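Inspection log for the structure reproduced underneath, given as structure tokens.
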Amino acid sequence: MLAVNGGPTDRQIVRLACDLAKPWKSEIVAVHVVEIDWTLPLDADVAGRSEEAQRVLDFAEAVAEESKYRVQVVLLQARDVGAALVDEASERNADLVVLGLPYRTRFGGDFEIGRTIPYVLKNTQCSVWVVRQAMLEGSP
Amino acid sequence: MERPHAAYFRYTGRGQLKAKPAASLPTTPAGRLAARLKSIALGRPLANEEEAGERLSKKKALAIFSSDAISSSAYATEEIVRVLVLGGVAALALSLPVSIAIALLLGVVAFSYRQVCIAYPTGGGSYSVSKANFGKIASLVAASALLIDYTLTVAVSTSSAVEQIVSAVPSVAPIAVLIGVGAIALLTIGNLRGLREAGNIFAVPTYLFLGAALLTIVLGVIQVLGGDQAAYTAEQLARQQSSVESLSMILVLRAFASGAVALTGTEAIATGVPAFQPPESRNAATTLLVMGVLLATLFIGITFLAVNFAVLPIEQSARETVIAQVAAHVYGDGSIPFFLFQAFTALLLFLAANTSFAAFPRLAAVLAQDGFFPRQFSFRGDRLAFSMGIVVLGVFAAALVIAVGGHTHTLIPLYAVGVFTDFTISQAGMIRHWLRERPPGWRYRLAINAIGCVATAVVAIVVTTVKFVDGAWLVILLIPTFVGLMMFVHRQYAEQARELHVRDDIVIPGPHRSQRVVIPVPGINRAVVQAVNFARAIGPDIRGVYVTDDIEGGEELRHRWERQFPEVTLVLVESPFRAFIGPFVAYLDVLDREWPAEQEAPITIVVLPEYVARHWWDRLLYNQTAKRLKATLVGREHTVIADVPYRRDH
């Protein structure tokens, strides 16, 4: 299962997943989670109407096609991205979850890992791979 | 979450959708079946981005673009011998010198065209060159000549291929034309499948012929050197001479003009430069050089053997070509190598027509993009091929083959005129190009093109003069006709563009003309209700028009109408002659005349209630009058037609 978010690592993780899956003809599911804030009901029609969200999944599909492989794409909306990914992985009996991590630093220069990846690493039962974006030139 | 667009589209950017193959699939079962059959015949549709793989390597391009030029060695010698035989043995002795002269001319032309490949990497050959350097008329002359030549290439190559088959298997002579037309049909389908497949199909036979022909020449020369020579006999000459002429300069020039068909196809590589793999120009120039050397070798070699084996074309019920007799002499008549050689020759000639199937549609597309050809010629089909150009070429070439009964010799006089006209225009264009651009080494390049221009101009004049009565007149007539047609098309498109032009420095204001809606009503039903509701959304000026020959029935309808559509006027038009379309259109005319002359005419929107048929046979039962009305109103001034479909499941 791939977690895609429209970030710079999406292409890389889809290609990686296709290369991994091909020999075994494994199923790949690309999941994009749209976070719904607490002011809206969870079933509000947000993700379905979001061109941005559709584009993220369409891009994953297109990259897979370039690699001559198919991915199934799933659009979810949830209060918390990490929890939704963990649930989805568990529901689908995923063997592996692959996430991309952009190389970002917070103010002061410390590496920023965010909160989704630690949550998934801590709570997902299957294996988790995190693909970190290459450091930009000039980064520490 | 649902992704309703996903089956048919993919988002590729902000507000930007890309259609998936499913979006192009027909929705009806019959349409799907037709699409499936088309896919079986022509292959699956290719997306634009798959075009990158359609570029040709030098080896493949040599096979595709040179098969025409190389294959002309199969009949060029025969055309020389056919003329010189009229002058007797002394004249036939000049066959070899004439072919050497033609080969030298080929060298000049090939070197000149190498400059074209380098200077014009976008292709188009003499059309591009003349357009850039001389303007419209000259470029259209070049284009017309090219189009005629491409069509003749298909017809000549196919006819000659059939003659090679007949030479080996005389029993198929009665179906020779059928074989030719069938081969053109197969080539058309092959090309509609796309260029890459064409390359694969055609590469192997071209190289098989090259190998076989070179081997034949080597073995033949060894036989000649070993003393296996023959001399023309008086009896042999008498059989072939329909008339006798003295050996004169005119006879030699006619032989030269006939043999010059060997040069046909030299331009194809320059036209197809964009189809080469990068670096396109360099690869095309190299391929052109290789093609020139191969063609000259084959042409001189076959002529040398024909003269030394004392071969003349045999004109009987089943013809025997010169090249077939040369092969029979080298390998033995009826031997397996002879049959193989004939098969390779015939195959190459069939496939030589493919040079034109690659070049004609490309040129037609360029002309269409420039507005000189109907736009359909620039649209690419499912397989990235210019389908319209391919089909048109196939149809015209097949018609030519049928018209001349498959006789190559009848087509030859038409052939060389256009070729040399093109060569001359192209080379003259290159002279202007070098004089204007003056890049490093321009003097050397200018000299090459100047020599090419003079040489080809002289040959063009000679060919036109000596072949005029044999059929060259037809080409001389056709070229200006095509130029006129293309200028007509261009003028039409230019006028249309002028009429539709919108200045890009203005903000487009909202609609300012009045609108009125007219609904032809057959009565009151759900389809009419839907049409009236649609009309209400357009504006307040709505009227239903009921055309009838039964005015009492009409009055009854009016009562009901006023009750059910109180704010919509119903006009009754009595039609004592039971016509519908005429009175309805006349009513629209009256409405127009009633409009105050000082005001801008309103837009009349004719809303047609349409019942949507559920089955194909339903279509015969419904909407026939609406269809006729639509056909009448299309193009009417200030009139818009709107169909409002009503579906039964609503």
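Here are some notes:
- Answer from B:Val475, B:Val517, B:Val469 - the residue that is of a type in the set (Val, Ile, Thr) and not in a helix (DSSP H, G or I): B:Val517
- None of B:Gly371, B:Gly389, B:Gly405 is modelled with pLDDT of 85 or more, in the same structural domain as B:Ile448 (by TED's automatic domain parsing) and closer than 18 Å to B:Ala161 by Cα except B:Gly405.
- Within the set B:Ala198, B:Ala185, B:Ala234, the sole residue that is loosely packed, with under 15 Cβ neighbours inside 10 Å, among the aliphatic types (A, V, I, L, M) and at pLDDT below 75 turns out to be B:Ala234.
- Residues considered: B:Thr569, B:Thr604. Of these, the only one that is surrounded by 11 or more Cβ atoms within 10 Å (Cβ to Cβ) and in contact with a His (Cβ under 7 Å, 6 or more places away or on another chain) is B:Thr604.
- Considering residues of region A:88-99 that are acidic (Asp, Glu) and away from chain B (no Cβ under 14 Å) only, the residue farthest from A:Val46 (Cα to Cα): A:Asp95
- Considered as a group, the residues in region B:364-417 that are among the basic types (Lys, Arg) and assigned to a loop (DSSP other than H, G, I, E, B) include one that is surrounded by the fewest Cβ atoms within 10 Å (Cβ to Cβ), and that residue is B:Arg380.
- Top-ranked residue of region A:53-68 - restricted to ones that are charged (D, E, K, R) and facing chain B (nearest Cβ under 9 Å), ranked as nearest to A:Gln12 (Cα to Cα): A:Glu61
- Within region B:101-123, tally of residues that are farther than 16 Å from B:Gly272 by Cβ and among the basic types (Lys, Arg): 0
For every residue, the table says whether it meets (1) more than 13 Å from chain B (Cβ to nearest Cβ); (2) touching a helix residue (DSSP H, G or I) at 6+ places or on another chain (Cβ under 8 Å); (3) at pLDDT below 95.
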{"site": "A:Val14", "(1), (2), (3)": "yes, yes, no"}
{"site": "A:Cys18", "(1), (2), (3)": "yes, yes, no"}
{"site": "A:Val34", "(1), (2), (3)": "no, yes, yes"}
{"site": "A:Pro41", "(1), (2), (3)": "yes, no, yes"}
{"site": "A:Ala78", "(1), (2), (3)": "no, yes, yes"}
{"site": "A:Val86", "(1), (2), (3)": "yes, yes, no"}
{"site": "A:Leu101", "(1), (2), (3)": "yes, yes, yes"}
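- Lone unmet requirement of (1) part of a loop (DSSP other than H, G, I, E, B); (2) under 28 Å from B:Gly15 (Cα atoms) for A:Gly108: (2)
- Identity of the residue in region A:20-46, in a helix (DSSP H, G or I) and of a type outside the set (A, V, I, L, M), that ends up farthest from A:Gly82 (Cα to Cα): A:Pro23
- Any hit, region B:321-330, residues being crowded, with 20+ Cβ neighbours inside 10 Å, among the hydroxyl-bearing types (Ser, Thr, Tyr) and in a loop (DSSP other than H, G, I, E, B): yes
- From the list B:Ile551, B:Ile542, the lone residue that is in contact (Cβ under 8 Å) with a residue 24 or more places away in the chain and either surrounded by 10 or more Cβ atoms within 10 Å (Cβ to Cβ) or polar (S, T, N, Q) (or both) is B:Ile542.
- Matching helices (runs of 4 or more DSSP H) fully within region B:1-107 where at least 2 residues are within 14 Å of chain A (Cβ to nearest Cβ) and among the aliphatic types (A, V, I, L, M): B:21-24
The values are calculated or read from the model by the stated rules, or taken from the named source; none is laboratory data. Please read all numbers here as calculations on a predicted model, not as lab measurements. Backbone-built Cβ (ideal geometry, glycine too); neighbour counts: all protein chains shown.
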